[in-house]
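Report on the following structure.
FYI, it's all coordinate maths here, none of it is from the lab. All values derive from a computational prediction rather than experimental measurement. Virtual Cβ from ideal backbone geometry, glycine too; neighbours counted across all protein chains shown.
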Amino acid sequence: MTTQSKIFEVGIFGFLKILLRGAAQVMFQCNAWCGLLFIAGIFWGAYSSGVPEVAWGALLGVMVSTATGYILNLQAEEGQEGLWGFNGILVGCAFPTFLGDTVWMWIALALCAALSTWVRTGLNNLMRGWSINSFTFPFVLCTWFFLLGAHTMHSLPALHTSSHVMHSLHGLHHHMGLEGAWEAVQIWLRGISQVFLIDSWVTGLLFFLGLAASSRWAALWALIGSALSMGMAVVMGMPVEHIDKGLYSFSAVLTAIALATVFYKPSWRSAMWAILGILVTVVVQAAMNVWVQPFGVATLTAPFCITTWLFLLPLLKFDEQHPDHSQWHHRS
């Protein structure tokens, strides 16, 4: 059966539902309505920031990575749950953020999105013996290769490479203080929006609503993860301009959802474990910022992956079921 016939077999609306689930799976949700609100948030944030190519890149990324799963004839159940798409949509957000808008960038985006699908399968095969999952690391690894390569591949414009973006972030003036409840709320929500590399509190609100449509626990822990990581960053005296943009929170948001709601059932034990994971994620984020800066790349969601692996590898048992961290729970 050809890829086209496989897509037509599920139907146009069925394929659209799979794509939306792919967006939602970035935050561990298997819910098309959640994915729809995520896509809406991406489009709002991209267009309001004057970078609409990020929104269209997200769509291209999730479509290519999902289609790649069909081409490779991967496990159909994973495709139905959107698990072929979540790395691809992050690739689609990252490339227009860090690279110039040229035809070669779009070709590289499509190639990297496809690569993320089979790299995910390979890493999951490798990690299954340790009872852990690759999470968003296929996106991180594949995107790092392309961003590093962009330093010598001059057809990918150097003006918008990740090193330029990072340099600009370090040079930003502090336009928004931490005083005032409304300012704090905006920063709080940006910590959620930055999961998709979007700097918009409205996007963060739409992401929160998407999570709430799928899982109230996930929505709650996204807020907790963003708030605690923001608070720790302030206490530890981290750069204010980075705190304002939610750059110390997005990985912590993912860690919070993973540890508190996905791989452990919600309980006071898993809550304490998740809170500790959130705080450690901030430390890992700060350390990785220092580590990757000379290479001119962003950490992306690597701090979340590393921290969550470290917290899942002990295979601690907080409920009656022995944890199997190689898969996550799927929601309808």
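Odds and ends about this structure:
- Under the criterion of Cα pairs below 8 Å and six or more residues apart, the relative contact order for the chain equals 19 percent.
- Max mean-square fluctuation residue, GNM over the chain, Cα-Cα springs under 10 Å, options LEU126, LEU312, LEU206: LEU126
- Exposure proxy order (Cβ contacts within 10 Å, fewest to most) of ARG190, ARG21: ARG190, ARG21
- GNM top mover of ALA94, ALA40, ALA58 - the chain, alpha-carbon springs below 10 Å: ALA40
- Cα-based Rg / Dmax (Å) for the chain: 18.6, 60
- Residue exposure proxy: SER49, SER155, ordered by other Cβ atoms within 10 angstrom of their Cβ from fewest to most, comes out as SER155, SER49.
- Comparing mean-square fluctuations of ILE12, ILE275, ILE39 from a GNM of the chain with C-alpha springs under 10 Å, the top value falls on ILE12.
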